[in-house]
1. Somewhere in the stretch A:119-129, is a residue loosely packed, with under 15 Cβ neighbours inside 10 Å, touching a helix residue (DSSP H, G or I) at 6+ places or on another chain (Cβ under 9 Å) and assigned to a loop (DSSP other than H, G, I, E, B)?
2. Can residue A:143 be described as charged (D, E, K, R) and either free of Cβ contacts under 8 Å to residues at least 40 places away in the same chain or in a loop (DSSP other than H, G, I, E, B) (or both)?
3. Out of the residues in the stretch A:223-249 meeting the condition of being more than 14 Å from chain B (Cβ to nearest Cβ) and among the charged types (D, E, K, R), tell me which one is nearest to residue A:184 (Cα to Cα).
4. Go through the residues of the stretch A:166-184 one by one and say whether even a single one is surrounded by fewer than 17 Cβ atoms within 10 Å (Cβ to Cβ) and over 18 Å from the mean Cα position of the chain (by Cα).
5. Quickly run through the stretch B:52-75 and pick out the residues that are hydrophobic (A, V, I, L, M, F, W, C) and surrounded by 23 or more Cβ atoms within 10 Å (Cβ to Cβ).
6. Condition first: within 17 Å of the chain's Cα centre (by Cα) and buried (at least 19 other Cβ atoms within 10 Å of the Cβ). Now tell me which residues in the stretch B:1-15 satisfy that.
7. Kindly check whether there is at least one residue in the stretch A:138-152 that is among the small types (Gly, Ala, Ser) and farther than 30 Å from residue B:83 by Cβ.
8. Scan the stretch A:181-192 residue by residue and report those that are modelled with pLDDT of 90 or more and farther than 15 Å from residue A:78 by Cβ.
Amino acid sequence: MASLKDIKIKITGIKKTEQITKAMNMVAAAKLRGAQARMEEFRPYADKFASVMGDLSGTADPNVFPLMEEREVKKVLLLVVTSDRGLCGAFNANIINASEKFLQSQRDAGKDVLVGCIGRKGYGYFSRQGVEIPLHITDVMGDIQMQDARKAGQQLSKLFLDGEVDEVDYIYGRFINVVTQKPTIKKLLPISATGLEEIEKAEEEGPKAAYIYEPEPEEILNQLMPMYINVQIMAAMLETGASEQAARMTAMDNASRACKDMIESLTLAYNKARQAAITTELMDIVGGAEALKG
Amino acid sequence: MANKLNLEVVTPRKLVVSDEVDLCTVPGTEGVFGVMANHAPILSTLNIGPMHYNKDGDTVRLAVSGGFVEVSNNKMTVLAEAAEVSEEIDVERALRAKERAEKRIQEAKAGREDIDMARAMAAMARATARLKVAGKMS
């Protein structure tokens, strides 16, 4: 049985931890609002981009565009988008586990795998796994900027065009709602016309007008494709950013609750111990008094 | 028939403009062009440069960089990687950027191979567009 003093120290410690988790919970809640707002601000841009790409690629011949070229897949790169910071529950672990599963399935299919990382947590893990990491971008999730997405997009396109990799997929923490975030894998390269058509169908809005294209549609597409990759990466980063804050909020909420439970049970133990001590003391006094009488 | 054009300027950061305008002029890749109400559908890529639109006699000027413009059904959408209204432009920063870009271009011409000429030129164009829009350069 722990002494009274030990229990008291423990209670104080846990109370301090609770203060920290409560504060982190509130900070995460505030940051989540910001991250969610940015995600929503980005959506019209991404949607518009996708719908124009869909319009254009219907006419496109995949063989003309190097970024659409379907090759026999020997090397796959998975871009893992995680957060930079921990203390957000199983959020990063979930993404990493899903990544490992995907990589294993690719290895089983006899393909070589490479990993690219955005976010420190994913990089920290994969740099210990002995896989080749041709690109990593860390410490950007605090303030997500288009230029970081562009950097990743350019490097990935280059790897693809140089024939270093034949397919690029990406995994990120999809933000479903505040309590649910799901690791999701999507294909980035080669850009598939079918993938774009799906988007197009989703936003069908009446008969399409015959556009004047300036310059030629192929030329436009050539310019937009690299940008489209950036847009996709950016969207993934923003979603991961929002998911991270949501996950942290939930994790810190749980931690605060656990603290409260612990404090409760420790206080109970403390009171019991205190009473026991008093009883023992009384017994001693009574015993002493009895002895004197006799 | 409506004689106003619905203009939206969208960037990754925010919806910069959403307004009913009379005329909008944008820097297309194949040349600057103006769009008025009931323009034929058009899809064009954009250069880095100044754009402006007129509304009830007022002119609003913006600096845009990279993206494209789509016009259909009297609705014009400008999708740019960055767009700033003249009042928002940081002149000091643009001036510094211009100097830096000029220096880099000079050095690249002088034979330094580690400088990406295309990037320096793009930086130069962005800075120039901002300064033009801010009215600090003709």
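The values are calculated or read from the model by the stated rules, or taken from the named source; none is laboratory data. Bear in mind that the values here come from a model prediction, so they are computed numbers and not experimental data. Every residue, glycine among them, receives a Cβ derived from its backbone with ideal geometry; neighbour counts consider all protein chains shown.
1. Pass one, the stretch A:119-129, residues loosely packed, with under 15 Cβ neighbours inside 10 Å: A:127-129.
Now restrict to residues that are touching a helix residue (DSSP H, G or I) at 6+ places or on another chain (Cβ under 9 Å): A:129.
Checking which are assigned to a loop (DSSP other than H, G, I, E, B) leaves us with A:129.
Checked against the condition, which is being loosely packed, with under 15 Cβ neighbours inside 10 Å, touching a helix residue (DSSP H, G or I) at 6+ places or on another chain (Cβ under 9 Å) and assigned to a loop (DSSP other than H, G, I, E, B), the stretch A:119-129 yields at least one hit.
2. Working: charged (D, E, K, R): yes; either free of Cβ contacts under 8 Å to residues at least 40 places away in the same chain or in a loop (DSSP other than H, G, I, E, B) (or both): yes.
Here the answer is yes, as residue A:143 does meet what is asked.
3. Per the criteria, the residue is A:244.
4. No, the stretch A:166-184 contains no residue that is surrounded by fewer than 17 Cβ atoms within 10 Å (Cβ to Cβ) and over 18 Å from the mean Cα position of the chain (by Cα).
5. As a first pass, look at the stretch B:52-75 and keep what is hydrophobic (A, V, I, L, M, F, W, C): B:60, B:62-64, B:68-69, B:71.
B:62, B:63, B:64, B:68, B:69, B:71 - these are the residues of the stretch B:52-75 that are hydrophobic (A, V, I, L, M, F, W, C) and surrounded by 23 or more Cβ atoms within 10 Å (Cβ to Cβ).
6. Within the stretch B:1-15, the subset within 17 Å of the chain's Cα centre (by Cα) is B:7-15.
Hits for the stretch B:1-15 are B:7, B:9, B:10, B:11, B:12.
7. No: zero hits.
8. Of everything in the stretch A:181-192, those that are modelled with pLDDT of 90 or more and farther than 15 Å from residue A:78 by Cβ turn out to be A:181, A:182.
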